[in-house]
1. Could you tell me which trypsin sites (Lys or Arg not before Pro) in segment 1-72 are loop residues by DSSP with no more than 15 other beta carbons within 10 angstrom of their beta carbon?
2. So, in nm, how far is label Lys82 from label Ser25 when the simple model puts each one 7 Å beyond its Cα toward the Cβ?
3. Hey, if you put +1 on the Cβ of every Lys and Arg and -1 on every Asp and Glu Cβ in the chain, which of Tyr57, Leu26, Ile10 ends up farthest toward the positive end of that dipole?
4. Only four residue types carry charge here, +1 at the Cβ of Lys and Arg and -1 at the Cβ of Asp and Glu. Report the dipole size of segment 2-85 about the Cα centre in Debye, rounded to the nearest 20.
5. From the square roots a ≥ b ≥ c of the eigenvalues of the alpha-carbon gyration tensor of the chain, which class results: rounded (a/c under 1.5), prolate (a/b over b/c), or oblate?
6. Explain nothing, just compute: Karplus ³J(HN,Hα) = 6.51 cos²θ - 1.76 cosθ + 1.60, θ = phi - 60°, for every residue of segment 70-86 in order, whole Hz, x for Gly and Pro.
7. Using the structure shown, list the pairs from Lys30/Lys86; Lys49/Lys86; Lys33/Lys86; Lys49/Lys80 with a Cα-Cα distance above 26 Å, or answer none.
8. Show the residues, 5+ positions off or on another chain, whose built amide H is closer than 5 Å to the amide H of Lys33.
Amino acid sequence: MCVVGYEGDIFALSARCPHAGGDLSLGWCKNQKLICPVHRYSYDLHSGKGSEGQNDYIDTFPVKIQHNGIYIGISSFWDKLKQALK
Ligand code: FES
């Protein structure tokens with residue numbers, strides 16, 4: 001998982017780039033996107049959707065900021081499958 005602070009918001013995304021396995025936690029952000037340091041594919045910080053022409057995505061996780069910490073929601077495989085089949 002890659003936790004990113006960008007323009008006052010916090011995002012939690014998959015740290016593995018689907019293109020060739022690059023470590024997205026070593027990347028950087030630009031224009032609301034996380035850039036992979038290997039071949040510079042980019043992913044939307046909110047949706048995880050890859051930029052036009054990539055036809056891929058990375059997982060995103062809900063983030064909740066509370067007075068005592070930052071909480072990140074993790075769905076199970078079955079939760080994701082149920083959502084995909086709706
Ligand atoms: S490994 Fe991330 S863009 Fe190629």
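The numbers here are math on the coordinates, done by the rules we state, and not lab data. Since this is a predicted model, take the numbers as computed values, not measurements. FYI the Cβ positions are ideal-geometry reconstructions off the backbone, even for glycines, and counts take in every protein chain you see.
1. Arg40
2. Calculated label separation equals 2.9 nm.
3. Tyr57
4. Values: 8 positive and 8 negative charges, 15 e Å.
Roughly 80 debye for segment 2-85.
5. Verdict is oblate for the chain.
6. 10, 10, 10, x, 10, 8, 7, 4, 5, 4, 5, 5, 4, 5, 5, 8, 6
7. Details: Lys30/Lys86 33 Å; Lys49/Lys86 19 Å; Lys33/Lys86 28 Å; Lys49/Lys80 16 Å.
Cα-Cα > 26 Å for Lys30/Lys86; Lys33/Lys86; rest within.
8. Leu45
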